Every structure is written in structure tokens, then in C-alpha cells.
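The values are calculated or read from the model by the stated rules, or taken from the named source; none is laboratory data. These numbers were taken from a predicted model, which means no experiment stands behind them. So basically every Cβ, Gly included, is an ideal-geometry build from the backbone, and we count neighbours across all protein chains shown. Keep in mind that these areas ignore ligands, DNA and RNA; they rest on the heavy atoms of the full protein, side chains included. Shrake-Rupley method; radii C 1.70, N 1.55, O 1.52, S 1.80 Å.
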Amino acid sequence: MTMTLAEFNALPVSDAEAALLDCCGATRWTKQVAAQRPFDTTDAIYKAADTVWRKMERTDILEAFSHHPQIGQNAVTGSESHRQWSEGEQTGARTATDDVKARLANGNRTYYEKFGHIFIICASGKSADEMLALLEQRLQNDAAQELQIAAEQQQLIMRLRLEKLFAGARASS
């Protein structure tokens, strides 16, 4: 789904929040960003989204993480746009060798056991080997450090998805 900024600004609150939920699964984030409408430019919504994200608490961050499939898996929840975006972002994992897929699955389990949430990475443009290397590297982090890194990755994903939501709308915003 794509829309212009004017269309987004005109949506009922619940629909604006639903559109934002495809970009970031933190309910409090969606409510706070939607409440700042109307936005004059896409840059204004990107800035608001980043500002609000940086104020999110651990529970909000973990809620956002819970809306993602693990690397190598397909999204089974969310809107059609959310599932398509997620699958497109993980193209590199789908083309991996069986060995790399198995190592990713094992790494995902180890990561979840250590940190209590799934491995979050902005997978767009990354090969399965790159994601595996980053997963193995990040397993060395402590919980606080890793939550910060994962939150930064979530912010990158959120931005990419906002750009997809408003794809082609820049000229009119």
C-alpha cells in the first residue's frame, strides 16, 4: 500500500495508526506519530517518527520486535503490505544455502534464548551470509548493548517502511 501524505493526513485516526503499524509494531509509537498530523512534508513525518522512536521504552521496543518474523521466516501476521515488505526485506535469506539457513535458524534460537527477543536486523540488501555474520557477532553483546543495537535496526526498518508507504508521494508532499 502506498499513499500520498495528504491521503495519510486525511485518514481517520484508527486508519492512520493501522498504516503506521505496518511500519513499526509499537502501538504507543503509532499513536504518538498519528497524533502529530497533519504533516507538511514526508521529511516532517520521518523526523517525527525518529523523535518518537527515541523516546520509546523497553516494552515498546519489544512490542515492535514482536511484529517481525525471524530472519529466514515469512511474516504470518499483519496486513498484506506488512507481509510483502517483510518478505522483500528478507530476500537474501530465502536464497541462502541449506547450511546457512540451518545456521541462521540455530543462531536465531541461541539469540532468543540469550536476549529474550528475536534477532532484529535491517535485512534489506543483505545476503544471508552477511546476516549470519552479524547475528554471530551480535551474540557476543551484553543484553543492554544488544537492545540498543536492535532498537537502532528497528528504526532503520521503520524508516524504510515509511518510505515505502509514501513511495512516489514525495513530489506531491
Criterion violated by Thr2 - all others in (1) of a type outside the set (Lys, Arg); (2) modelled with pLDDT under 95; (3) assigned to a helix (DSSP H, G or I) satisfied = (3)
Just name the residue that is nearest to Asp98 (Cα to Cα) out of those in the stretch 116-153 that are assigned to a helix (DSSP H, G or I) and open to solvent by less than 20 Å² (accessible area, probe 1.4 Å).
-> Ala128
If you go through the stretch 32-49 one residue at a time, do you hit one that is touching a residue at least 24 places away in the same chain (Cβ under 8 Å), outside any helix (DSSP H, G or I), within 15 Å of the chain's Cα centre (by Cα) and crowded, with 18+ Cβ neighbours inside 10 Å?
-> no
Index of the failed condition, Glu87 passing every other in (1) open to solvent by 40 Å² or more (accessible area, probe 1.4 Å); (2) modelled with pLDDT of 95 or more; (3) under 30 Å from Thr4 (Cβ atoms); (4) outside any loop (DSSP other than H, G, I, E, B) | (2)
Examine the stretch 92-99 for a residue that is assigned to a loop (DSSP other than H, G, I, E, B), open to solvent by less than 50 Å² (accessible area, probe 1.4 Å) and at pLDDT below 95, and state whether such a residue exists.
-> yes
Name the residues in the stretch 115-131 that are of a type outside the set (A, V, I, L, M) and more than 13 Å from Ile149 (Cα to Cα), would you?
-> Gly116, Ser124, Gly125, Lys126, Ser127, Asp129, Glu130
